[in-house]
Amino acid sequence: ADVNLAQAFTREMLVWSRLEAHPGIAKFLGFYADFENSKAWLLSPWEPNGSVTQFVEAHSLEVPEKLSLVYDTIDALNFLHQLDPPVCHGDIKGANVLVSAKCKARLCDFGLARLHEDSGFGRLETSTGMKGSIRWCSPEILNGAPREPTSDIFAW
């Protein structure tokens with residue numbers, strides 16, 4: 001069995017499953033895991049408009065429509081950062097923000113999400129090596145610092 005896949009999968013499932021209380025977070029429906037064959041999927045509802053990147057490229061949106069998607073995402077990030085302990089998403093980018101049928105933004109892909117202690121956002125767990133999308137990383141992350149809520153804000 002792929003132990004690293006099992007650990008990463010379990011971590012993402014545990015983080016994501018506790019975030020269902022916010023409309024800006026994609027719903028966690030369940031999972032399928034076959035670690036013997038290195039296969040694992042987390043299930044969420046299908047969003048017909050795809051990612052925010054795909055949606056913006058496919059539609060001629062007015063500024064208020066674009067700002068609505070930005071606001072939805074910021075509202076979801078604020079929710080994550082206000083939890084006790086706070087959650088840092090860790091990989092904010094257009095591909096990880098889905099657009100619902102009602103044109104509401106929903107955060108997804110919590111594979112790099114980290115729980116933080118409530119005092120000073122100290123890390124509860126660490127990861128090895130550079131992970132995430134370099135294009136969207138804050139300078140601190142590129143210099144090896146741990147992910148923090150401020151790095152989510154920089155990425156968005």
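The values are calculated or read from the model by the stated rules, or taken from the named source; none is laboratory data. Predicted, not measured: the structure shown is a model, and the values here were computed from it. For neighbour counting, all protein chains shown are included, and Cβ atoms are generated from backbone atoms with ideal geometry for every residue, glycine included.
Okay, here's what the table says:
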{"read-out": "Residue match in segment 44-63 (condition: assigned to a loop (DSSP other than H, G, I, E, B), touching a Phe, Trp or Tyr at 6+ places or on another chain (Cβ under 8 Å) and aromatic (F, W, Y))", "value": "no"}
{"read-out": "Filter pass, S68 being crowded, with 17+ Cβ neighbours inside 10 Å and of a type in the set (S, T, N, Q)", "value": "no"}
{"read-out": "Test for N78: is it within 13 Å of the chain's Cα centre (by Cα), without any contact (Cβ under 8 Å) to a residue 12 or more places away in the chain and part of a helix (DSSP H, G or I)", "value": "yes"}
{"read-out": "Boolean, V63 is farther than 26 Å from P139 by Cβ and not polar (S, T, N, Q)", "value": "yes"}
{"read-out": "In segment 92-107, the residues that are in contact (Cβ under 8 Å) with a residue 12 or more places away in the chain and either of a type in the set (A, V, I, L, M, F, W, C) or over 13 Å from W156 (Cα atoms) (or both)", "value": "I92, A95, V97, L98, V99, S100, A101, C103, K104, A105, R106, L107"}
{"read-out": "When residues of segment 13-22 are limited to those that are under 14 Å from the mean Cα position of the chain (by Cα) and modelled with pLDDT of 75 or more, the one surrounded by the most Cβ atoms within 10 Å (Cβ to Cβ)", "value": "W16"}
{"read-out": "Residue in segment 26-41 that is within 22 Å of A155 (Cα to Cα) and in contact with a Leu (Cβ under 8 Å, 6 or more places away or on another chain) present", "value": "yes"}
{"read-out": "Qualifying residue in segment 88-96 (condition: surrounded by 14 or more Cβ atoms within 10 Å (Cβ to Cβ), modelled with pLDDT of 90 or more and assigned to a strand (DSSP E or B))", "value": "no"}
